[in-house]
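Here's the structure we're looking at; comments come further down.
The values are calculated or read from the model by the stated rules, or taken from the named source; none is laboratory data. Fair warning: this is a prediction, and the values are worked out from it, not measured in the lab. Positions of Cβ are backbone-derived with ideal geometry, glycine not excepted, and every protein chain shown enters the neighbour counts. SASA here: full protein model, heavy atoms, side chains in, ligands and nucleic acids out. Shrake-Rupley method; radii C 1.70, N 1.55, O 1.52, S 1.80 Å.
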Amino acid sequence: MSLAARILCRVVDNFGDAGVAWRLARQLSLDFGWRVTLTIDRPELLARFGADPQAAVRVEPWPGDGRSPVAEDVLIGAFGAEPPPALRAALAGGPRRPIWVNLEYLSAENWIDGCHGMGSTKPGDGAIEHFFYPGFTVNSGGLLRERSLLDRRAAFAGSPQQRDFLLDLGVAREPGERLVTLFCYPDAPVGAWFEAIAAGERPHCVLVPEATAETALAAFFGAAPATCAALRRGRLRVQRIPFLSHDDYDRLLWSADLNFVRGEDSWIRAHWAGRPFVWQPYVQAGQAHHVKLQAFLDRFAAGAAVDAMMRAWSGAGALAPAWASYDAALPGLEPAYRGWSARLAGQTDLATRLVEFCADRL
Ligand code: TRH
């Protein structure tokens, strides 16, 4: 069933809100043939992810109420984005079209399974808001994963395209070097980690996208390196790279030995790379992010070295000993990451579940 949908997105900060909304819009269009309008208050951010001429996604600046030529079957508010007044009025008196879905933030916490799919009838006008919770279980809303993703990953691994991709980025791995990507929040203990690598035994090349870890780089090297310039200390080599399109960022994650990721969307892309990763959750008041991290670590259950490293990376523990254990354990941890990725890939993806969810209610 090909449907028309509108996704509403208001950017709180960073890139995740726009990144998830764009990724979902693109997949509903490419994999399911839906006619999708993305209404977003920061449309200029989408250029960073790489426009895809094949994805027939119509992008509309906020508020976009009532200007669409198509009557939508589905209205998706990403991360609690409230429909603008004219669209909100059209939801009154449900159930009827459009079906109203609130796409929530991803969490590994157990409670989301019980809340996923629930509806809330608004006392004022009878509109029904459906809550869709992404997650790691079959009872949740699942994880975003495009239909062709894992085939594209398999075709890329070890191919001439992979070598050319890295060369185009100016990345040439030196003998014995571990290739690492770093995407983190400003409060990650980057300086302590750099110190440990610089003084360690194994050489590391750390690729840092622009506008990431600026302060830490300046503090460690005395000045933030310009794009593509490499800085060295001891066993550490740091190289700045541009902010890549979504597809190229996937290729980067597939090419590295270890990926540091954050927030929501880069975290899940690191899962689909099937490579080791360290996750930093979005920092929240009252240490709520530590609860989210622990819920994920409980599910992943990859052992003490992984737990200590991710906790230390989020400020709960000393970085140097955590990195020493993780560094030593890393070669043996690869099957755990690969297996976890494969187990999750055995579940249906978020967009498939969303399509079924809407079809059941229309
Ligand atoms: O930018 P983020 O910190 O976004 C966050 C989270 O979504 C968080 O949960 C939310 O509460 C907050 O925003 C408001 O991290 P995230 O989620 O990984 O989003 C980054 C996006 O940028 C993702 O779509 C991947 C993309 N990206 C690229 O396309 N190219 C790149 O080079 C990099 C580094 C990222």
Mean-square fluctuation check for the chain, GNM, Cα pairs under 10 Å: which of Asp13, Asp248, Asp187 is largest?
Asp13
Might you report the magnitude of the Cβ-based charge dipole of segment 149-345 about its Cα centre, with Lys and Arg at +1 and Asp and Glu at -1, to the nearest 20 debye?
240
With the dipole of segment 123-190 defined by +1 on each Lys or Arg Cβ and -1 on each Asp or Glu Cβ, the option from Pro134, Val180, Val190 whose Cα lies farthest towards the positive pole is Val180
Return the carbon/sulfur percentage of the accessible area of the chain, one whole number, probe 1.4 Å, all protein chains in place.
55
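Calculate the dipole size of the chain relative to its Cα centre from +1 charges on Lys and Arg beta carbons and -1 charges on Asp and Glu beta carbons; express the result in debye to the nearest 20. It would help to have the intermediate numbers written out before the result.
Working: 37 positive and 40 negative charges, 73 e Å.
My answer is approximately 360 debye.
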Taking the Cα centroid of segment 104-132 and of segment 221-294, what is the distance between the two, rounded to the nearest whole Å?
31
Spin-label model distance (nm) - Glu60 vs Met1, 7 Å beyond Cα toward Cβ:
2.2
Taking amide H atoms as placed 1.01 Å from N in the peptide plane, list the residues 5 or more away in sequence, or in a different chain, whose amide H sits under 5 Å from that of Gly303.
none
How far apart, in nm, are the 7 Å Cα→Cβ label points at Ala51 and Ala198?
4.3
Taking a point 7 angstrom from the Cα of Arg361 along the C-beta vector, which residues in segment 8-26 have backbone N less than 16 Å away?
8
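Efficiency by 1/(1 + (r/R0)^6): what FRET value for Glu177 and Ala285, r their Cβ-Cβ distance, R0 = 45 Å, to the nearest 0.05?
Working: r = 39 Å, r/R0 = 0.87.
Computed FRET efficiency for Glu177 and Ala285: 0.70.
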State, in angstrom, two size descriptors of segment 149-345 derived from its alpha carbons: Rg to one decimal place and Dmax to the nearest whole number.
15.9, 48
The chain - Rg and Dmax from Cα coordinates, angstrom
21.2, 66
Can you give me the angle between helix 288-300 and the longest principal axis of the chain, using Cα atoms only, in degrees from 0 to 90, rounded to the nearest 10?
80
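Before anything else, pin down the relative contact order of the chain: Cα pairs under 8 Å, at least 6 apart, normalised by residue count, whole percent. Intermediate values should be presented prior to the final figure.
Details: 648 pairs, mean separation 51.9, N = 362.
Rounded, it is 14 percent for the chain.
Based solely on its DSSP helices, what 222 nm [θ] is calculated for the chain when runs of n ≥ 4 H residues each add -39,500 (n - 2.57) and the sum is averaged over all residues, nearest 500 deg cm²/dmol? Each step should come with its number before you reach the end.
On the way: 14 runs with 146 residues, N = 362.
Mean residue ellipticity at 222 nm (helix-derived): -12000 deg cm²/dmol.
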Go through segment 273-285 residue by residue and turn each phi into a ³J(HN,Hα) via Karplus (6.51, -1.76, 1.60, θ = phi - 60°); whole Hz please, and just put x for glycine and proline.
5, x, 10, x, 9, 10, 9, 10, x, 4, 5, 10, 4
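Enter the accessible area per residue of the chain (Å², integer; probe 1.4 Å; all protein chains in place). Each step should come with its number before you reach the end.
Working: 14640 Å² over 362 residues.
For the chain, the solvent-accessible area averages 40 Å² per residue.
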Projected onto the charge dipole of segment 149-345 (unit charges on the beta-carbon of Lys, Arg, Asp and Glu, signs +1, +1, -1, -1), the Cα from Ala219, Phe277, Val171 with the largest positive-side position is that of Phe277
Amide H neighbours of Gly200 under 5 Å, at least 5 residues apart or on other chains, H built in the peptide plane: list them.
Arg235
5 angstrom amide H check on Ile76, placed H, neighbours 5+ away
Arg6, Ile7, Leu8, Val101
